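K.L.:
The structure under discussion is supplied below as structure tokens; questions concerning it will follow.
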Amino acid sequence: MSLNKWINDRLPIDDFVDQHLRHYYAPKNLNFLYFFGSLAMLCLGIQILSGIWLLMYYEPTVETAFDSVEYLMRDIPFGWLLRYTHAAGASAFFVILYMHVYRALLYGSYRKPRELLWLLGLFLLILVMAESYTGYILPWGQMSYWAAKVIMNIFGSIPVIGPPLMHLIQGDYVISEATLQRFFAFHVVVFPMVLLGVVFIHLCALHTVGSNNPDGIEIKDNLDKDGIPVDGVPFHPYFTIKDIVAAVVFLIIFFAVIFYDPTFHGLILEKENFIPADPLVTPPEIKPTWYLAPYYAILRAVPDQLLGALAMLASLFIFAFMPWLDRAPVKSMRYKGTRSRVSLFLFVVSFLSLMVLGLLPATPTNTILARIATIVFFGFFLTLPYITVYDNHKTPPDRVRM
Amino acid sequence: MAFNHWMILLFSVWANITWAHGESLVELDHAPLNIENRDQLLRGAKHFQQVCLTCHSMHYLRYDDITQEAGIIKERMPVWDDLSWGGRPPPDLSLIVKRRTADWLYTFLRAYYIDDTRPTGVNNLVWPNTSMPNPFISRQGTQQLLISEAHLHDSKGKYRWSQVLKLDRPGQMSGEEFDQYIDDIVNYLVYAADPSYLKREAYGPWVIGYLLILLFFVARLSMSYWDDVKRKHHMK
Ligand code: HEM
């Protein structure tokens with residue numbers, strides 16, 4: 001008791017818990033799509049924990065990297081579990097992040113007053129991509145090496161600053177041990193640290209503006225006499241318990257994959273990556289991981305390499321403009337008109353098609369399909385200001401539905 | 001919904017490409033896998049030690065008990081210079097099943113035929129022009145190709161190997177014995193590519209069972225909290 005007081009006089013732990021859990025009000029109509037934020041945090045936790053253990057056995061040199069991973073899988077008790085968890089964790093992270101972003105698109109969560117929350121989220125997505133890209137090189141398999149090379153060539157193709165930039169990132173004129181160790185440092189220290197910091201700020205921003213909800217109306221517009229939102233419930237215990245249920249469901253699926261199909265038909269760990277890297281032998285086809293495949297498809301769809309690289313970058317950064325491109329009077333897709341719905345549907349189809357096309361060889365038919373999908377992808381953003389204004393939107397209710 | 005159809009369509013296109021035959025001239029047989037059977041794994045490991053170990057190493061299984069019991073030990077593993085064997089020395093086979101498939105191996109090892117134009121005197125339907133000699137001539141015997149090479153290339157993937165090869169000089173083993181023998185080796189190689197398989201199968205049900213029980217309790221708890229909120233919402 002007195003210890004508790006002693007601590008709280010010096011460090012306001014109780015106040016913090018009160019303010020952010022017991023007396024933090026979240027809309028009571030949040031649906032399953034709202035689980036993905038806390039699941040993303042769970043994934044980050046899983047990656048950091050399993051990563052720390054991998055780090056104890058992994059040796060970042062060209063000679064030893066591949067072998068150290070295989071020895072870990074075979075000779076260290078439960079080493080296979082750590083490695084499969086970390087590999088499947090990366091893919092799970094992206095499934096979850098893409099659902100998280102889709103939720104925001106569906107309910108207009110990027111709109112005022114959540115613009116900054118959205119931008120921080122986009123930054124997190126790019127960080128997680130950088131994290132997985134640097135991690136992918138570490139086992140030093142064929143695909144590690146050649147995928148790294150493809151991306152590095154993209155950097156190198158930028159006029160003027162390209163070559164020195166590529167040199168800086170690689171630490172050498174070619175992909176080599178220097179590159180491996182640089183990527184190792186980034187993967188293990190730099191990106192995780194930045195990620196943790198930005199996740200914290202993402203949550204600070206969230207708690208300042210409060211969660212949006214599937215109806216897209218602000219619960220803070222309806223306060224009771226004590227200033228508490230009538231349609232809100234305390235985060236703890238109502239959402240802590242719901243998030244725990246979601247976490248358990250997630251873990252069941254996650255472990256089912258790890259125990260019964262850990263490479264997931266080559267989607268989590270590619271076949272080619274079970275061959276040690278060989279700079280002299282180009283693999284028959286160089287494929288990105290599935291979660292980066294849409295951007296790769298866009299890169300290949302554009303006939304010019306530099307313009308392709310720009311289009312690829314644009315396909316990520318264009319999300320930053322969402323809060324200002326959407327001019328509908330309502331936030332949620334529940335009350336938006338038919339055109340907005342069709343437009344989002346086409347966007348999702350184009351994104352998934354690009355994902356599949358990025359994994360397939362660039363045959364003439366596939367290239368044409370990828371071009372169409374790229375146009376639809378960007379078309380979604382460019383037509384948004386018009387579509388959202390000239391649409392038959394409905395009027396949302398005053399209070400949330402449940 | 002139209003959306004689901006799209007997904008299924010896209011998935012099947014993808015599956016078709018990734019699971020295609022590669023360079024094989026014939027359709028692959030389905031390898032009867034039975035990794036839980038330790039006796040069979042040990043048999044396969046012993047065959048490997050007798051036949052394959054002269055040329056192929058098994059580097060990543062240094063501490064594996066089945067492998068050691070069969071006598072596949074580091075001291076006996078061959079080391080090849082990169083330039084030996086015309087630049088294509090026999091590779092390490094620890095991870096071969098991850099790159100090829102069990103079906104590929106199961107078919108490949110049985111699909112050799114006599115071809116005097118090749119330096120090894122044999123050729124293979126699944127891996128045309130491989131530099132690996134047929135290690136099974138005494139066991140399997142020798143096979144002749146029944147159709148012309150040109151016809152074979154035109155009808156790529158249409159036949160099974162057993163339809164176009166004929167045993168012209170039998171070996172020590174009968175057809176069934178030989179199939180079983182190859183199946184043992186393939187099973188061992190599947191195991192070798194990922195020995196965690198047996199452990200995963202053993203722990204999987206416990207981990208998932210535990211989580212399912214946990215789910216039951218946390219879901220009940222969650223519902224009991226939320227029933228309240230729902231009741232109040234509908235009273236208002
Ligand atoms: C490391 C990655 C991330 C973590 C750990 C994370 C975490 C969270 C958490 C815990 C929430 C609250 C629960 C929820 O609404 O689901 C949240 C909300 C939100 N996040 Fe993220 N997030 C991440 C990435 C992103 C990305 C990539 C975006 C978008 C580009 C994003 C945009 C948002 C938005 C707009 C909200 C508010 C949603 C609403 O209230 O409707 N976040 N995030």
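Just so it is clear, none of the values below were taken in a lab; they were calculated from the coordinates. Note that the structure is a prediction, hence the values are computed from the model and not measured. Every residue, glycine as well, gets a Cβ built from its backbone with ideal geometry; the counts of neighbours run over all protein chains shown.
K.L.:
In peptide B:84-97, what is the residue-averaged number of other protein chain Cβ atoms found within 10 Å of each Cβ?
P.N.:
1
K.L.:
Helix B:2-18 versus the longest principal axis of chain B: what is the Cα-based angle in degrees, 0 to 90, to the nearest 10?
P.N.:
Helix B:2-18 sits roughly 30 degrees off the main axis of chain B.
K.L.:
Also: Using modelled backbone amide H atoms (1.01 Å from N, in-plane), which distant-in-sequence or interchain residues come within less than 5 Å of residue B:160's amide H?
P.N.:
B:27
K.L.:
Could you please state, rounded to a whole Å, how far the C-alpha centre of region A:230-273 is from the C-alpha centre of region A:176-206?
P.N.:
Cα centres, region A:230-273 to region A:176-206: 22 Å.
K.L.:
Would region A:62-178 count as rounded, prolate or oblate if I go by the C-alpha gyration tensor, calling it rounded below 1.5 in a/c and otherwise prolate when a/b exceeds b/c, oblate otherwise?
P.N.:
Oblate, since a/c reaches 1.5 and b/c is not below a/b.
K.L.:
Compute the separation of the alpha-carbon centres of region A:113-156 and region A:275-290 and state it in Å as a whole number.
P.N.:
When both Cα centres are located, 18 Å separates them.
K.L.:
Suppose every K and R has +1 on its Cβ and every D and E has -1 on its Cβ; what is the size of the dipole of the protein assembly as shown about the Cα centre, in Debye to the nearest 20?
P.N.:
Values: 53 positive and 56 negative charges, 494 e Å.
Roughly 2380 debye for the protein assembly as shown.
K.L.:
Take every Cα pair under 8 Å in chain B that's 6+ residues apart, average their separations, divide by the length, and report that relative contact order as a whole percent. Mind dumping the intermediate values first?
P.N.:
Details: 269 pairs, mean separation 61.8, N = 236.
Rounded, it is 26 percent for chain B.
K.L.:
Picking from A:25, A:56, A:157, whose Cα lies most toward the positive end of the charge dipole for chain A (charges on Cβ: Lys, Arg +1; Asp, Glu -1)?
P.N.:
A:25
K.L.:
Still on this structure: Taking chain A as the reference, fit the longest principal axis to its C-alpha atoms, fit the long axis of helix A:79-107 to the helix C-alpha atoms, and give the angle between the two in degrees, 0 to 90, nearest 10.
P.N.:
50 degrees
K.L.:
For residue A:220, list the lysines whose Cα falls under 23 Å from its own Cα; do not include residues on the same chain fewer than 8 positions away.
P.N.:
Counting by Cα, and skipping residues close in sequence, residue A:220 has these lysines nearby: A:28, A:112, A:242, A:331, A:336, A:394, B:230, B:232, B:236.
K.L.:
Starting from the Cα gyration tensor of chain A, take the square roots of the eigenvalues, sort them a ≥ b ≥ c, and report rounded, prolate or oblate (rounded when a/c is under 1.5, otherwise prolate if a/b is larger than b/c, else oblate).
P.N.:
Oblate, since a/c reaches 1.5 and b/c is not below a/b.
K.L.:
On to the next question. What is the Cα centroid distance between region B:43-61 and region A:30-80, reported in whole angstrom?
P.N.:
Computed from Cα coordinates, the inter-centre distance equals 31 Å.
K.L.:
In addition: Show me, for region B:186-198, the HN-Hα J-couplings you get by feeding each phi into the Karplus relation (A = 6.51, B = -1.76, C = 1.60, θ = phi - 60°), rounded to Hz, glycine and proline as x.
P.N.:
Result, ordered by residue: 5, 4, 5, 5, 5, 4, 4, 5, 7, x, 5, 3, 4 Hz.
K.L.:
Please report the antiparallel percentage of the DSSP beta bridges confined to the protein assembly as shown, to the nearest 5. Let's see the in-between values first.
P.N.:
Details: 13 of 14 bridges.
Looking only at bridges with both residues in the protein assembly as shown, the antiparallel portion is about 95 percent.
K.L.:
Further question on the same structure: Would you work out which of A:138, A:84, A:119 lies farthest towards the positive end of the dipole of chain A, given +1 charges on the beta-carbon of Lys and Arg and -1 on that of Asp and Glu, about the Cα centre?
P.N.:
A:119
K.L.:
Ok, one more. Under the Karplus relation 6.51 cos²θ - 1.76 cosθ + 1.60, θ = phi - 60°, what is the ordered set of whole-Hz ³J(HN,Hα) values for region A:364-374, x standing for Gly and Pro?
P.N.:
x, 4, 4, 5, 5, 4, 5, 5, 4, 4, 5
K.L.:
Of the residues B:104, B:127, B:226, which exhibits the maximal mean-square fluctuation in a Gaussian network model of chain B defined by a 10 Å Cα contact cut-off?
P.N.:
B:226
K.L.:
A further question follows. Does region A:1-47 come out rounded, prolate or oblate, given a ≥ b ≥ c as the square roots of the eigenvalues of its C-alpha gyration tensor, rounded meaning a/c under 1.5 and, failing that, prolate meaning a/b above b/c?
P.N.:
Note, shape of region A:1-47 comes out oblate.
K.L.:
Here is a follow-up. Please rank A:260, B:60, fewest neighbouring Cβ atoms within 10 Å first, as an exposure proxy.
P.N.:
Starting with the residue having the fewest Cβ neighbours, the order is A:260, B:60.
K.L.:
With axes computed from alpha carbons, what is the tilt in degrees of helix A:191-209 against the longest principal axis of chain A, rounded to the nearest 10 within 0 to 90?
P.N.:
Orientation of helix A:191-209: about 20 degrees from the principal axis.
K.L.:
Give me D for region A:287-402 in µm² s⁻¹, whole number, from Stokes-Einstein with Rh from the Kirkwood sum over alpha-carbon pairs, 10 °C and 1.306 mPa s.
P.N.:
104 µm²/s
K.L.:
Could you give the length gained by full extension between residue A:190 and residue A:59, i.e. 0.36 nm per residue of separation minus their alpha carbon distance, to one decimal place?
P.N.:
45.3 nm
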